[in-house]
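A.B. asks: A single structure is presented below for examination.
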Amino acid sequence: MYKFRVSLSESKYYYFVLFSETWKVVLNSALYRTLQAVRKAMVSVKYNSSDDLKFEKIESNEKYFFTLKAWNEQIIWTSENYDSLKEVEEVIEWFKTNVWNSEVEENFSDKWWFCK
């Protein structure tokens, strides 16, 4: 199961990281001023990942990556680089299948809060 982990940076901005089942980083977010904004961003990732048209596959310097766009065409996520277009397509399908059920952890100190 994928897991979103929300944290507070040293500069007091919120951010999230999406991990795979093997704790591989799948997505690093931007920084957000409020907890509400970071939660909205996670919902946006979940919502938009269900639509094939929101993914754009890109080739650059013999590497491949993809972006995920929001309803307003703003890029809300850029993936890591991959070696082949086939790998990008597999990651997109895997992502679309798994991100909806992702658990959320919020860490703002030494304590962890879990919610779904």
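The values are calculated or read from the model by the stated rules, or taken from the named source; none is laboratory data. This is a predicted model, so every value here is computed, not measured. With ideal geometry, Cβ positions are generated from the backbone for all residues, glycine too; neighbour counts draw on all protein chains shown.
A.B. asks: Being touching a Lys or Arg at 6+ places or on another chain (Cβ under 9 Å), in contact (Cβ under 8 Å) with a residue 40 or more places away in the chain and of a type in the set (A, V, I, L, M) is the filter here, so list the residues in the range 17-66 that pass it.
C.D. replies: Hit for the range 17-66 is LEU18, nothing else.
A.B. asks: Then there is this: Only strands (runs of 3 or more DSSP E) wholly contained in the range 70-116 count here; list those with 3 or more residues that are at pLDDT 85 or above and surrounded by 14 or more Cβ atoms within 10 Å (Cβ to Cβ).
C.D. replies: Fully inside the range 70-116 and qualifying: 75-78, 103-107.
A.B. asks: Name the single residue, out of those in the range 12-46 being small (Gly, Ala, Ser) and at pLDDT 90 or above, that is farthest from ILE92 (Cα to Cα).
C.D. replies: Filtering first and then ranking leaves ALA37.
A.B. asks: Looking only at the range 53-89, which residues are under 19 Å from ASN28 (Cα atoms), of a type in the set (A, V, I, L, M, F, W, C) and over 16 Å from the mean Cα position of the chain (by Cα)?
C.D. replies: If the condition is that a residue be under 19 Å from ASN28 (Cα atoms), of a type in the set (A, V, I, L, M, F, W, C) and over 16 Å from the mean Cα position of the chain (by Cα), then ILE58 is the only one that fits.
A.B. asks: Something else about it: For the list (1) surrounded by fewer than 17 Cβ atoms within 10 Å (Cβ to Cβ); (2) modelled with pLDDT of 90 or more; (3) in contact with a helix residue (DSSP H, G or I) (Cβ under 8 Å, 6 or more places away or on another chain), I need the number of the one condition that SER49 fails.
C.D. replies: Result: SER49 passes all but (1).
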